[in-house]
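Peer 1: This structure is in structure tokens; I'll ask about it shortly.
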Amino acid sequence: MTPGTQTEPLYLALDQGGHASRALVIDGRGQTIADAYVPIATQRGADFHVEHDALELAESLASCCLKISALLGTDTARIVSAGLATQRSSIVCWQKHSGLPLTPVLSWQDRRAFDFIDQRLAYAEQVADITGLVMSPHYGASKLNWCLEYDEDVQAARRNHDLVIGPLASFLVRHLVNSTDNVCDPANASRTLLWDRRTCDWSDLLCRIFAVDRNLLPLSVPSTFNAGAIEIGAHSAPLQLITGDQSAAIYAFGQPRPHTAYINLGTGAFLQWPVGRTAVDVPGLLNSVVFQDAGGPEYVLEGTVNGAGSALEWHGKRLRQNARALVQEGLTELSDNMPPLFLNGISGLGSPYWQSDFQSGFLGTATPGLCAVAILESIAFLLQVNLEKIISSGRKLERIVLTGGLSRVDYLCQVIADLNRTTVVRADIREATAKGTGYLLSRSVSWPTLDDGEFFTATTNSELNLRHMRWTAAMDEALKGSSPTGV
């Protein structure tokens, strides 16, 4: 915490994630001045249901703000603006007049309405052209439709003209600024499959395809938008940025660099490749708007691996052991043993395959620790498929930047470097989403660069290359309908 005599402006970055809500106060040099953390619960049910309590998430952010105020004291008044980054693709329904939630938050991991998507696959080409995305139950449209079709409270509110539906970010903004307005930014709106990446607004055609009334959706606004004042103890500051978690993370070290792949390794592994202010399509990958200001939208090509940290968590839970400890055990066994292969469809198989019901499994038998290593390698192999797709489209890769909790695992960083034969930089940062939010608020010229990160230089690893070839062949077979042996 800084002394109260200093007068430089500070920025509040709020990050609502899948395991916790965080608040970081950041100065114009990208340094963290204070931080707060509040864990949140996740409920997992049958039929691919994954939910959060909507009010718990809103209250967790308010608690973070109170903690920040207590930490900073009078320096809280130096906070000049705030930004919010949230889980993309998570949705909720709420009362228009009171703002109270009518449903839980349906997580981005929730796939309860996959059959609704399957029934509309004939529109896949149109949807991809308008949104830059693929037809997937992870995105909001099918979940919003499910609420409209099956939730009685939502139906009653709709009859009473008291219903708003949309991304989690919109609901949280409503509560943070205590406003009756309902707004939505591009990064979160785009993850509904109802938003046009070129016009930067809701699409009437998409709303008809997915049977969602456009009038129920929040107002579409740019990423930088004065949404109202947020209370930070006795102080208040304007909430001037709304974005998605992964969309913010790419700005953690300032304006994204060309010829660079940014990978955030968390619950999922999310690859982003900046392509400027023009929409670009590569088959099997996503084209996303990560930011929009007066100059227009900024786009990235994006690949998604749903089973990263969540896959290790799955492995630990089924064995009733600590996933982190299993990874460490496996890494110590590597000198004498080779890991098996893992076909990783945890939480659904993401890009470029897009199969929500893919059967995950290990090929071969091994110790629990070596199986954990196999999961790590599967994350790298899936990322590699996406990188090769982008490179084959004519783009040059000069370096890979890694952030997120799993980037702390040296072995995974080295595997990614070896597979790509390129330099990997592990960013010297733990909260990429919050730091990126801080940069977008400050636009400071004194922001830290990637030069202070840890570098992994590619080595020749013939055994890894062989496992990668075997994994690729096994994935091809599994995608043709064969199932992996063992679980």
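Throughout, read-outs are computed from the coordinates displayed, never taken from laboratory work. All of these numbers come straight from a predicted model, not from anything done at the bench. Every residue, glycine as well, gets a Cβ built from its backbone with ideal geometry; the counts of neighbours run over all protein chains shown.
Peer 1: When the range 77-94 is examined, which residues are found to be among the small types (Gly, Ala, Ser) and crowded, with 24+ Cβ neighbours inside 10 Å?
Peer 2: 82, 83, 85, 89, 90
Peer 1: Show me the strands (runs of 3 or more DSSP E) found entirely inside the range 1-66 where at least 2 residues are surrounded by fewer than 18 Cβ atoms within 10 Å (Cβ to Cβ).
Peer 2: Of the strands (runs of 3 or more DSSP E) lying wholly inside the range 1-66, those with at least 2 residues that are surrounded by fewer than 18 Cβ atoms within 10 Å (Cβ to Cβ) span 32-39.
Peer 1: Regarding the range 475-485, can at least one residue be identified that is part of a helix (DSSP H, G or I), free of Cβ contacts under 8 Å to residues at least 24 places away in the same chain and on the phi < 0 side of the Ramachandran plot?
Peer 2: Yes.
Peer 1: Same structure, new question: Condition first: in a strand (DSSP E or B), surrounded by fewer than 24 Cβ atoms within 10 Å (Cβ to Cβ) and not hydroxyl-bearing (Ser, Thr, Tyr). Can you find one or more residues in the range 203-223 that meet it?
Peer 2: Scanning the range 203-223 turns up at least one residue that is in a strand (DSSP E or B), surrounded by fewer than 24 Cβ atoms within 10 Å (Cβ to Cβ) and not hydroxyl-bearing (Ser, Thr, Tyr).
Peer 1: Where residues in the range 425-457 are more than 22 Å from residue 36 (Cβ to Cβ) and of a type in the set (Val, Ile, Thr), which of them is surrounded by the most Cβ atoms within 10 Å (Cβ to Cβ)?
Peer 2: Among them, the one singled out is 425.
Peer 1: Name every residue in the range 159-194 that is over 14 Å from residue 98 (Cα atoms) and surrounded by fewer than 24 Cβ atoms within 10 Å (Cβ to Cβ), in order of residue number.
Peer 2: The answer is 159, 183.
Peer 1: Among the residues of the range 417-474, write down those that are touching a residue at least 60 places away in the same chain (Cβ under 8 Å) and assigned to a loop (DSSP other than H, G, I, E, B).
Peer 2: Of everything in the range 417-474, those that are touching a residue at least 60 places away in the same chain (Cβ under 8 Å) and assigned to a loop (DSSP other than H, G, I, E, B) turn out to be 427, 429, 431, 444, 446, 447, 448, 449.
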